[in-house]
Each structure stands twice: as C-alpha cells, then as structure tokens.
Amino acid sequence: MINKFYTPYNRFWHWTQMLMVILLSVTGWEIHGTYKFFGYQAAVSIHNAAAWGFIILTIFSMFWMALTGEWKQYLPTMNKMGAQIKFYLSGIFYGEPHPVLKSRHRKLNPLQRMVYFLILMITIPFQIITGLIYMYFHLAKNAIGIEYMRDTAILHTIGAFLLIAFLLVHVYLVTTGHTVWSNIKAMFTGYEKSEEHAELEHQ
Amino acid sequence: MKTINKISILALIIAFACAKQETVTPDDMVEAAKAEVNIISVEQANDIINGEEIYNLIDVRGPQEHYYGYIPGSVMIPRGSLEFSIGSKDFWEHEGLYEPEKDEIFVLYCKKGKRSILAAQTLQKLGYTKVYVIDGGWKKWELTYPEYTEKDLKKLGGGDSHEEVGGC
Amino acid sequence: MSKKIRIFIGSLFASVIFPTAAIFIVFWFSSQKNEPQTIDPVLRADHIKSVDHSEFEVLQQEFESPHEVTEACVGCHNGRDNEIMQTAHWKWEREAELPNGRGVHNIGKKNLLNNFCTGAAGNNGSCMRCHIGYGWKDKSFDFGDPTNVDCLVCHDNTETYFKRSGEAGMPATTENATLAQPVPDYNYVAQNVGLPTRHNCGVCHFYGGGGNNVKHGDLEEALLECSKEVDVHMSPDGADMVCTDCHKTENHNITGKHYGVSAMNKNRVNCEDCHGNAPHNDRIIDGHFEKVACQTCHIPTYAKVNATKLWWDWSSAGRLTDDGHSIAENDADGNHNYLSIKGNFVWDDNVEPEYQWHNGTADHYLLEDTISTIPVKINELFGSYTDTTAKIVPVKVHRGKQMYDTEYNTLISMKLHAAEKGEGAFWKDFDWDTSAVLGMQYNNRPYSGQWDFVETEASWPLNHMVAPKEQAMSCTECHSRDSRLANIDDIYVPGRDHSRFLDNLGNIILVLTILGILVHTILRIAFYKKRHHAH
C-alpha cells in the first residue's frame, strides 16, 4: 500500500527551506569571515535577500499549518519517546521496525516532534529576531536600547551553529527510514510505501 | 556528421585560442603567489634577526634602491638575477659569505612587499624551504624601526651633497 | 501508470521547480542595485567677472611697495580689510574651547607646537612667509594696520606673485631679488586679480612643513592638475573643482579647518553638504554613514603622486661634513631623508591611512602643557563608538622625535631660522642649547637647560584625494580578519571579529556531530552485514 504523507505545499516548503538554509549558511559564514566565496558585498546581499525569503516562507508555512491543522503534528509528546531513543541507539542496528509507525496524520516520531518543535518554536524565531536586529541595527539600537552589535552577532552565530548541527543530524536520519532512500523519496514525491505494508510484503 | 565534426573541431580551436589569450595582471600574479608563500610582519622579521637561528636577509631590490637604505645585515640580490645568484658559490664568495643551505631561513623584502612575494615563490620552486616575506617591505621596516637602518651612498657614486632645504 | 506520471510531474513542480524558482527570485532580488546619486556642482569658475581691473587708474600707478597695492584694493573694496582681519588666516589663532574642560584658549599656528619644525613663533622669517600679511618679522608686527594685509597672495590670477623666502611674508624687493625670486610686477598682478585659484591656496597649503606634501599627505602640487584617480573632485577629467568650491566663503570667512590646529567642531566642510547622507541608494552601505566617515572608504590611499613625510627624527640632526658643511641625502625615490638642519625622515607614497574615531573636537599640546604620555600627543582627536557624533575617519599620523626639557617635562620651541650665522638659530649654528634658549625665550616659556629627545605624534585627518567610486574600498578591506580597522577595538566588525570561544565550541560540536554520525553509520553497516551473513 502506498501512503501519501506530504502535500505539495509541504514539499515545496521543505525544499525551499532547505535551499534557503544552505544559501544562508554559505553566505553567513562568509560574512562571519570564515572564507571567501561570493565576495563580501554579494554575500551580504544574498544573505539578506534569502533571509527575507525565509521569513516570507515561514509566515506562509505558519498559515498553512494553522489552516490545515498540521500544527498538531509538531506538538511534542513523551509517548513512546523512550522507545524511539532506544531504537536509534540499538534497535536500528538489529533491523528492528520503527517503534512508531508513520502515517499521514503522524508523520513525525516523538523525537522528531520534540526536536522540530524546538527548531520551529525557538531556534528559527531566535535566528529571525537576532537576524533582523543585525540587519536593522541602527533602528533596533535606538528602539530597544542595545549598544553593541557584538552581542547580536554572537547570538546569531550560536543559532547558526545549532541549525547546522541539526541539519547534519537531520540529513543523516533521512537515511534511517525503511530503506536508505525511502524517506528522501517520500519527501520528493509525497508518497511512501508504508512500513507495515512493506514488512508484510517482505514476509 | 562531418559538418558536426568540423564544427566541434572549430569550436575547440576557438576555445583554445581564447584560453591562450587570457593574460593576468601583475597584481593577479602577486595575489596568486601570496597563497603559496609565508608572509611575516616586520616585528616577526625583527625577531628572526635577533634570534638564534641562522638567517639570510635578502633585499631583492636593485642597487639604485638598496644603497639608499636597507635593513642592516641584508644581502642585495636583485630579483632579476635571483635564480642564478642564490645558488652560485661565486656570488656568495664575492659577498664574503658561505653559500647558504636550502633549509636555512631566508627573509626577503623589497620596497613594499610585492616583488619579494614573487621572489619568494621562485625560491620555493628552487627548493628553498624556509622562505619568508616581510609584509610591507622596506618602507614598513623603515617606519617601524627608523633608527635601525643603514645606507651606503658611496656605492652610488657621488658623495654627500651640500644642499640646504630650509623653511617649514 | 498515469498516476505515476502525475506523481512525477507533481514532484517535479513541488520539490524541484518551485523551490529552485524561489531561490532564483532571492538571487534576483539580491542583485538589484540602485545607481548611486550623482552631483552636478555649481562651480566658482562659472562666476563671471564683473569688472576689468586693468581699466582702473589706481592700479596703473607706480607701486613703491606691496602695501600701496593693498591700499589701492581697499580704496574700492572698503571694509574687506576688516573682514579679513577677523579671520584665522590673519590672526593665526582662533578662540576655541578645548575638550575635557581644559577651558577656552586662543589657539592656532601662532602659538601651537608641532612635530615638524616644532613651531612657527620665533621662526617668523621662514614660517610667516605663509602669513597673509607683509612682514610679521617679530612681535612688533601691527595686526591692526590694514595695509599689512596681502591681498595679492590669495587673489593673484597670474601665478606670478610670490612672497620671498626668509622675509616673513614680504615679496622680493629690488635689494633682495634673485633670478628665482624676482620683484613682482605689481601692476600686472593687481590688474589681474580674481577669485582664489588652486595656485593661490596651494602656494601655502601644499608646501607646509618645508616642501611639497610634507605635512598633509593629501594636499600637494599634483592637485594643480591631476588625474581622476588622484582626486575625483579636482581633476580636470573629473569635476574640475577648485578649493573654494567646497571651502565656501562668505565675507572672507573660509569654511573648513584643519584639526592640526583647531579644536571645535565648527565651521566644517562635510561631504554630505553636497552628497547628502544617503548617496549610495543602498541601505547597507548608506547605513555605515552613522559610524563611518565618507572619507574612510573613499580615500583608500593618500600621497598618491608624491611622497609625504611620516617620520621626522630631530635627534639625528646636526651631523656635518668634516669641513663643516651641512649634508643632504636622498632616499631611493629622490626625497630628502637626511638633512643636517632637520634630521632623518621617512617618506612614503600611496600610503594606507590609519583610522581613528573623531567627533570633530580635538585637544592640543599647549605651550603651558607638560608631557603626560609618550609618545607625546601633539594633538588628539576625540571620539569613540559610544559617542553618537563620532565617526571613523582616515588619518595621517606624523611621528617623530623632538627636543624636550627633561627638567620641566615640556616640549621645546626651537629657534631654527635666522638670516645669518651667529644669531643662535639651529639652521645656521647647529647648537641645540642656544636654539632652545632662544626659542623658549621668544615664546615666554621657562627652559631649564636640560634637554633630550622624546617621541611625538600628530594626527592629520584626511579629506582630499578622494578616489573615483570604482576605487572606493571594497568591504573586505575592513570586514576581514586582516582588517584595516585593527586599531578600532571598541566595535564589532562583522568579518573581522568573532568570538574565538564560540567558534571553537561550535566547531567542536559540529565535529562531534559528524563523528557521531560516522560511528552510527559504521555500526549500521557492520550490523547489517552481520545480519545478512547470518541468513
């Protein structure tokens, strides 16, 4: 049986967000002074344009989540959290099935729910806010009475490190689906053979 | 089919011709060489000069620049003859020095630090392993250690000129 | 089958084409640049002369002395003498309130010390050649006599009028004229007067410190006719502006003043007077305006044609040849780098400025001050990041060593110039002590007789030699690890600064993450193989 997991908008959001985040990272570290790639001025322009793109995308996605009820999927739960952690730490090596089965209305496992919730509710807003302060420092300086850009820059850098660490783990965990490619395929097409079904087939 | 072949050959030729015409500016050359050589500050150069290890301080400028002012202890090897002089026993004997080993320290400078970068790249190609370039060259040295400089105007012919420039 | 195609097309659009399009839109937006504003200046050169001075009989008379020329000028231009006599060009001082509660002082070239020839007062014969008066030989000069005003030095449009060297502002007379410094043809000059040209201003402002470009570094004779690359404003290929196009003048009060000799943020000339405060039409670049002066990016280097003096070591002066002649030696570029009368110099051209905060106010070493820091600050520009009126400005810093009184801990005013040997001037007799005695005496300052040399530095903000916009500094000149702003340490400059701790911590976290992933992957593969072998 083939299940539909991701609506077209969900996929558009995901892949656009991915490209934006890559663009923001590549230009962000150049602005940070880590390397030269686009050229400083171009890096700043692209970073700022991508930031606005990201913000607009985030607003759209919030509407989407609110209207479709998708937001419920991101509410953290402790139910089966232990089993999920145990799966990643041992079960996965022994080829055990995922403890939480994926479905259209429960795309995320408890661990994902927790992490995505933290990313969506804390890290991304944090990056957007520190980013906006950074971008409009002169206005922010007077409006909220901060004196030095240094603090803003450092907070923004902390967020960047966290997001990249998340990105690495996230990309890796993509390969821990039913097969190595099944998750990424699902994110592209929206459809995935359900694990339950696949297991039956296998037997 | 033949025409396609001809066209692709022609395209290749054009591509090659274009590639060949691509020249670089002197600044490009310096920029490219910069990545390959070790650049040190005048302060670091001063540390080497005052350090224990054997070093060779080389001024790659010409005599018309060198004798007007140089870092004490430097040997002038104009960049034009650098490749040939550096490994020539005769040259070093003429300087009253022994020929340095390839793993000795070489500190290079010119007026402002461009020529010496290219010279350092050359020395590295010749197998010298510890080549350093003084960032900012002679001018930076002169401004940082104005009292630790030498000149040898007699080598330029003509002695002291008697001239007064007053007024302020 | 048809469902598969539907899914494929759907995926193509939702997962590939639309996201890629979104990124293209981002790139397109980021590449949108507005053209910077351009300025069409109204030039003084467009001013139409209203009269032909050669028609005036009063200017056809036989002039016995330059004073008579002034009298003739004032005869028609009445009241102008009073105007000019109020200015710093005449008084060589102005009332200024020094920062940090140091009170109100009359300061200017008349009484300030510097680290070139140490000070004008007492060396009048030489220094007052650049005074707009006739014969300020000593303290007896009458500042109230209008005929002492030299109208011609500023208004001569023939480029033939010069003051004679060593005569305290007097032109050559029949007694002391030479081939190189002849008596001016007063009728010719007086009949051809007009608004000041670059030559008029340059005759003093280009040669301060005893030679071309010695002092300023950004003001020199190359500006008489230069390429756009040297000075975009003054080049005939650029805006072709003269000094007074920016230094706008009313009633002989010329705007703009230099922080080598002035203390208050008044009467300035600013780039934004013409260009406004958002000339780039680019939010980010224009945003720099709050903390970065235009000059910082637009004067990437100074002394672009001829070298300027950056180091002047008096302590080496006085070395003579065996037969007692004074010595002059050049550096490789042909600039004097040793003179018996002045000591050792270091010159440089195409110099990268140093950078300082500046809010328009400056402090100065006054005649009554004692030395409190080494190097002694001849002047000090004020400002910091937290000072909302301060900006980062490019500065020429002139460093050197000069005489100081080791007992009283004061900088010494030297007596350098005299017409003849035996008058005690250093340039003739090379006697340090006598020079100090006489110099201090003229300035009414105590001198203990004990002296040595001390390092000093003076800051000269740069405003001229603005480069064409293509040559303005690129971002990474400041926004990189080897930033030009190394000395400005009270701000966070993106690209230059970073928290080493945070970066290290972040990198460790990323490395550990990657390691964790690798270990997990290896275990997965190993266990997978084991399982399948078992089968």
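We did not get these values from a lab; they are worked out from the coordinates using the rules stated. What you see is a predicted model; the values in this text were computed from it and never measured. Here the Cβ positions follow ideal geometry from the backbone for every residue, glycine too, while neighbour counts run over all protein chains shown.
Note: relative contact order over chain C, using C-alpha pairs below 8 Å and six or more positions apart, is 14 percent.
Taking chain A as a Gaussian network of alpha-carbon nodes connected by springs under 10 Å, the highest mean-square fluctuation of the residues A:Y74, A:Y172, A:Y94 belongs to A:Y94.
Given R0 = 22 Å, the distance between the Cβ atoms of C:S499 and A:A165 translates into a calculated FRET efficiency of 0.80. Overall form of the range C:243-308: oblate. Here a/c, set by the Cα gyration tensor axes a ≥ b ≥ c, is 1.5 or more, and a/b is not larger than b/c.
Simple point charges give the picture: +1 on the Cβ of Lys and Arg, -1 on the Cβ of Asp and Glu, and for the protein assembly as shown a dipole about the Cα centre of about 7360 debye. Simple rule: put +1 on each Lys or Arg Cβ and -1 on each Asp or Glu Cβ in the protein assembly as shown, find the dipole, and look at C:W347, C:S235, A:H105; the Cα lying farthest toward the positive end is A:H105.
Length, then width, then depth: along the principal axes, the Cα atoms of the range A:2-202 run 62, 37, 30 Å.
Other residues with beta-carbon under 15 Å from the beta-carbon of C:K33 carry, at +1 per Lys or Arg and -1 per Asp or Glu, a net charge of -2. The mean number of Cβ atoms from other chains found within 10 Å of a Cβ in peptide C:8-20 is 6, as a whole number.
Determine the relative contact order of the range C:108-224: mean sequence separation of Cα pairs under 8 Å and six or more apart, normalised by residue count, in whole percent. Reported as a whole number, the value is 22 percent. Distance from the alpha carbon centroid of the range C:30-82 to that of the range C:221-278 works out to 17 angstrom.
GNM on chain A, alpha-carbon springs under 10 angstrom: the most fluctuating residue among A:W181, A:W52, A:W13 is A:W181. Global size of the protein assembly as shown: 36.7, 125 Å for Rg and Dmax (C-alpha atoms, Rg to one decimal, Dmax whole). Could you tell me whether the range C:355-420 comes out rounded, prolate or oblate from its Cα gyration tensor? Rule is a ≥ b ≥ c as square roots of the eigenvalues, rounded for a/c under 1.5, then prolate if a/b exceeds b/c, otherwise oblate. It is prolate, given that a/c is not under 1.5 and a/b is the larger ratio.
When both the range A:147-195 and the range B:119-135 are represented by their alpha-carbon centers, they are found 46 Å apart.
A cut-off under 12 angstrom between Cβ atoms defines the neighbours of A:A43, and their net charge, with Lys, Arg +1 and Asp, Glu -1, is 0. Counting neighbouring Cβ atoms within 10 Å and putting the fewest first, the residues C:E167, C:E220, C:E352, C:E250 line up as C:E250, C:E352, C:E167, C:E220.
Rounded to the nearest 20, the Cβ-based charge dipole of chain C about its Cα centre (Lys and Arg +1, Asp and Glu -1) stands at 4100 debye. Seen through its C-alpha gyration tensor, with square-root eigenvalues sorted a ≥ b ≥ c, the range B:24-148 comes out rounded because a/c lies under 1.5.
Using the average count of surrounding beta-carbon atoms within 10 Å as a protection proxy, the listed peptides C:432-439, C:172-179, A:4-11 rank, highest first, as C:432-439, A:4-11, C:172-179.
Each Cα pair under 8 Å and six or more residues apart adds its separation to the average, and for the range B:24-148 the resulting relative contact order is 32 percent.
Calculate how many DSSP beta bridges within the protein assembly as shown are antiparallel, expressed in % of all such bridges and rounded to the nearest 5. Of all bridge pairs located within the protein assembly as shown, approximately 70 percent are antiparallel.
Of the residues C:A14, A:Y40, C:S65, the one whose Cα sits farthest toward the positive end of the charge dipole of the protein assembly as shown, with +1 on the Cβ of Lys and Arg and -1 on the Cβ of Asp and Glu, is C:A14.
Summing charges over all other residues whose Cβ lies under 9 Å from the Cβ of C:D429, with Lys and Arg as +1 and Asp and Glu as -1, gives 0. For C:Q32, put the label point 7 Å out on the Cα→Cβ axis and report which residues of the range A:1-37 keep their amide N under 12 Å from it. So the set is empty, nothing qualifies. In a reduced charge model with +1 at each Lys and Arg Cβ and -1 at each Asp and Glu Cβ, chain A shows a dipole moment near 220 debye about its Cα centre. Model label sites at C:D273 and B:L126, defined 7 Å from Cα along the beta-carbon direction, differ in position by 5.7 nm.
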